[in-house]
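Novice: Got a structure for you, questions after.
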Amino acid sequence: MAQMKVKQKIKVLIVDDSLLFRETLSREMSKDLGIEVVGTASDPFIVRDMILELKPDVLTLDVEMPKMNGIEFLKKLMPQYPLPVIVVSSSSKNVLDALNAGAVEFVTKPDINRSGGMSSFINELKIKIKIASTAKVGNQKKEYVPKNLVSSKGIDMINTVIAIGASTGGTEAIFTVISALPRDMPPIVIVQHMPPVFTRLYAERLNHSCALEVKEAEDGDALKPGRVLIAPGEYQMRLVKKPSGYFVKCSKEEKVSGHCPSVDVLFDSVSETAGKKAIGVILTGMGRDGAKGLLNMKKAGAYTIGQDEKTSIVYGMPMVAFNIGAVIKQCPLEEISEGIVRYLSKK
């Protein structure tokens, strides 16, 4: 990934109970000319005063700490001092809890037995610190619960496909959209930039909290009304059509637009397979993945929606899509589900 231009150094505060890990992170992060480590802490209880004193732009937070775990700390921190937090964790399940509590990104702790594990981890963390420094966290609506599920009267359930793509901030944005949809919806396919394991856990979490059936996609899964398929980490997911209906093809491939799964790959396949019978939605995220694919969907006759700048945690992917003319309707996150149903009901 190309080095992002940084006008001034990003001030980072590192919170981890391991002295060795804190020192390693501090040393390696400081090697980057765009990052300044302004402090380190072993204990969440002293972090509040450090935030007030040092005014960091980004906080890296270990989830598994003895006195107070990172998730409880996040729940206390975010309402009072909203700032971008990157969770560093070895536990898959804890990461989703942390994202739900307000973290904007996560990095899994490296396997010290794997060659190059620490180097890869450091590079990923540097990139995500730079992404997080651009994130807006003050206007997040973590407790947003729709008052009424939107009506789905008159929707074509058989031939329509809804495709959604997101990255940074997308886990909560996707939840906001699909939790407001009723069970009687056309099938939905989703790419959220996430590594393996996390996509399955994320799908399970959504399945327990939404009216729709949500599952991590497997190669050959059929699209059905009321079903949401989430692309598995490290697999490209495409829409294919057989005489019996729509299916997904999931295969291990190279990254496209810097990602696997890639939103562009999904959107391109939807444009080719479903054409004007599709709806494309691009949500918060850094970069440009999905913009060209959404434009191809629009050219094929699909209805396209982009999240607006005000409600995007990172207005990157939706901005690029909007700027190249791929977005027909741009609207706040909380209005997207209603916009989907309103469009379907007119058809």
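Values in this text are rule-based calculations from the coordinates and carry no lab data. This is a predicted model, so every value here is computed, not measured. In this analysis, Cβ positions are derived from the backbone assuming ideal geometry, glycine residues included, and neighbour counts consider all displayed protein chains.
Novice: Could you give the dipole magnitude of the range 14-136 about its Cα centre, charging the beta-carbon of Lys and Arg +1 and that of Asp and Glu -1, in debye to the nearest 20?
Specialist: 240 debye
Novice: Calculate for the chain the 222 nm mean residue ellipticity that helices alone would give, adding -39,500 (n - 2.57) per DSSP H run of length 4 or more and normalising by residue count, nearest 500 deg cm²/dmol.
Specialist: That calculation yields -10500 deg cm²/dmol at 222 nm.
Novice: Now for a separate question. On C-alpha positions alone, give me the angle between the axis of helix 198-209 and the longest principal axis of the chain, in degrees, nearest 10.
Specialist: 70 degrees
Novice: Sticking with this one: With charges only on Cβ, +1 for K and R and -1 for D and E, what is the dipole size of the chain about its Cα centre, in debye, rounded to 20?
Specialist: My answer is approximately 1080 debye.
Novice: Still on this structure: Efficiency by 1/(1 + (r/R0)^6): what FRET value for Lys255 and Asn159, r their Cβ-Cβ distance, R0 = 22 Å, to the nearest 0.05?
Specialist: Approximately 0.10, to the nearest 0.05.
Novice: Evaluate the charge dipole of the range 161-346 about its Cα centre and quote only its size in Debye, nearest 20, assuming +1 on the Cβ of each Lys and Arg and -1 on the Cβ of each Asp and Glu.
Specialist: Approximately 600 debye in magnitude.
Novice: What is the order of Thr134, Thr168, fewest Cβ neighbours within 10 Å to most?
Specialist: Exposure proxy ranking, most exposed first: Thr134, Thr168.
Novice: Find out how many positive minus negative residues lie around Lys292, taking Lys and Arg as positive, Asp and Glu as negative, among other residues whose Cβ is under 13 Å from that of Lys292.
Specialist: 0
Novice: Still on this structure, please answer the following. When Lys and Arg each count +1 and Asp and Glu each count -1, what net charge do the other residues less than 10 Å away from Arg227, Cβ to Cβ, add up to?
Specialist: After counting each charged neighbour, the total is +1.
Novice: Charges on Cβ only, +1 for Lys and Arg, -1 for Asp and Glu, centred on the Cα centroid of the chain; of Met185, Ala135, Pro110, which one is farthest towards the dipole's positive end?
Specialist: Highest projection toward the positive end goes to Met185.
Novice: Quick one: among Leu201, Leu229, Leu59, which has the greatest mean-square fluctuation in a GNM of the chain with alpha-carbon springs under 10 angstrom?
Specialist: Top of the fluctuation ranking is Leu201.
Novice: Give me the distance in nm between label points sitting 7 Å out from Cα along the Cα-to-Cβ direction at Glu218 and Lys329, one decimal.
Specialist: The answer from the label model is 3.5 nm.
Novice: With the dipole of the range 31-112 worked out from charges on the C-beta (+1 for Lys and Arg, -1 for Asp and Glu) around the Cα centre, which of Ile35, Thr60, Val95 lies farthest toward the positive end?
Specialist: The Cα lying farthest towards the positive end belongs to Val95.
Novice: If you don't mind, there's one more thing I want to ask. Select from the range 154-217 those trypsin sites (Lys or Arg not before Pro) which occupy a DSSP coil region and have at most 12 other Cβ atoms within 10 Å, ordered by residue number.
Specialist: Listed in order of number, the matching sites amount to none.
Novice: Just want the ordering: His208, His193, from fewest to most Cβ atoms lying within 10 Å of their own Cβ.
Specialist: His208, His193
Novice: Right, next: Calculate the spin-label point distance for Lys346 paired with Thr24, positioning each point 7 Å from the Cα along the beta-carbon direction, and give it in nanometres.
Specialist: 5.5 nm
Novice: Now for a separate question. So what's the angle, to the nearest 10 degrees on a 0 to 90 scale, between helix 92-101 and the longest Cα principal axis of the chain?
Specialist: Helix 92-101 sits at roughly 90 degrees to that axis.
Novice: Give me Asp62, Asp111, Asp17 ranked fewest to most by other Cβ atoms within 10 Å of their Cβ, as a rough exposure proxy.
Specialist: Lowest to highest Cβ neighbour count: Asp111, Asp17, Asp62.
Novice: How high is the relative contact order of the range 161-346, given as a whole-number percent (alpha carbon pairs under 8 Å, six or more residues apart)?
Specialist: 21 percent
Novice: Taking the Cα centre of each part, how many Å lie between the range 207-226 and the range 42-103?
Specialist: The distance from the Cα centre of the range 207-226 to that of the range 42-103 comes to 32 Å.
Novice: Under 13 Å from the Cβ of Lys329, count the other residues' Cβ atoms, weight Lys and Arg +1, Asp and Glu -1, and hand me the total.
Specialist: Once all neighbours under 13 Å are counted, the net charge is 0.
Novice: What shape does the range 161-346 take by its C-alpha gyration tensor, where a ≥ b ≥ c are the square roots of the eigenvalues and a/c under 1.5 counts as rounded, a/b above b/c as prolate, and the rest as oblate?
Specialist: It comes out rounded by the Cα gyration axes.
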